[in-house]
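In what follows, a structure is listed as structure tokens, so that the remarks can point back to it.
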Amino acid sequence: MHRFFNTKTGGHFFTISDAEDAQVLATRPDLRPEGIGFGGFATDQGAATEEVYRFFNTKTGGHFFTTSEGERDEVIATNRDYKLEGVGFYDFAVDQGAATEEVYRFFNTKTGGHFFTASEGERDQVIATNHDYKFEGIAFYAPEHAGTFVV
């Protein structure tokens, strides 16, 4: 998953699409590339993987991801600011052992945005230093990646 930092809003943008990545690089100078945020699959890999739904927040310009069909349906029914864009990518439903990493989800109580990270160090830093972010736990499990962030 390509990860970008939004220099205008302080949020992050994630995409698995190389075409969307190239479009962002060409047209959005406000989105600074940070490298690979976490692993993912562009297509279904079978029984071990699950759909990760991507929503666009029309109010903040941010995105939200969930693997839960119940949460997806609740957001559709109760929050008009979020528009379902479909399946954003696929990741694992459960821990697959050494080949996977946890992806953590935070909710920004100040902006209403969400933040995702697979880095335990970044998770711990956000918990310790950024009190606007509420830690929501493990969002899903991603295939381990060798990428590093450019911050």
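The values are calculated or read from the model by the stated rules, or taken from the named source; none is laboratory data. All values reported here derive from a predicted model rather than from experimental measurement. When we count neighbours, we look across all protein chains shown, and the Cβ atoms used for this are built from the backbone with ideal geometry, even at glycine.
Checked against the criterion of being free of Cβ contacts under 8 Å to residues at least 60 places away in the same chain, assigned to a strand (DSSP E or B) and not β-branched (Val, Ile, Thr), the candidates 107, 140 yield just one match: 107. Scoring residue 82 on the criteria (1) in contact with a strand residue (DSSP E or B) (Cβ under 6 Å, 6 or more places away or on another chain); (2) more than 23 Å from residue 20 (Cβ to Cβ) leaves a single failure, condition (2). Residue 29 passes every criterion in (1) part of a loop (DSSP other than H, G, I, E, B); (2) under 17 Å from the mean Cα position of the chain (by Cα); (3) free of Cβ contacts under 8 Å to residues at least 60 places away in the same chain; (4) more than 11 Å from residue 91 (Cα to Cα) apart from (2).
Taking the range 1-16 as the range and being within 14 Å of residue 57 (Cα to Cα) and assigned to a loop (DSSP other than H, G, I, E, B) as the test, the residues that pass are 9, 11. The set of residues in the range 132-148 that are at pLDDT below 95 and surrounded by fewer than 14 Cβ atoms within 10 Å (Cβ to Cβ) comprises 146, 148. Screening the range 37-74 for residues that are of a type in the set (Val, Ile, Thr) and surrounded by 13 or more Cβ atoms within 10 Å (Cβ to Cβ) and picking the one that is farthest from residue 89 (Cα to Cα) gives 60.
Of all residues assigned to the range 61-78, none qualifies as being among the polar types (S, T, N, Q), modelled with pLDDT under 95 and more than 15 Å from the chain's Cα centre (by Cα).
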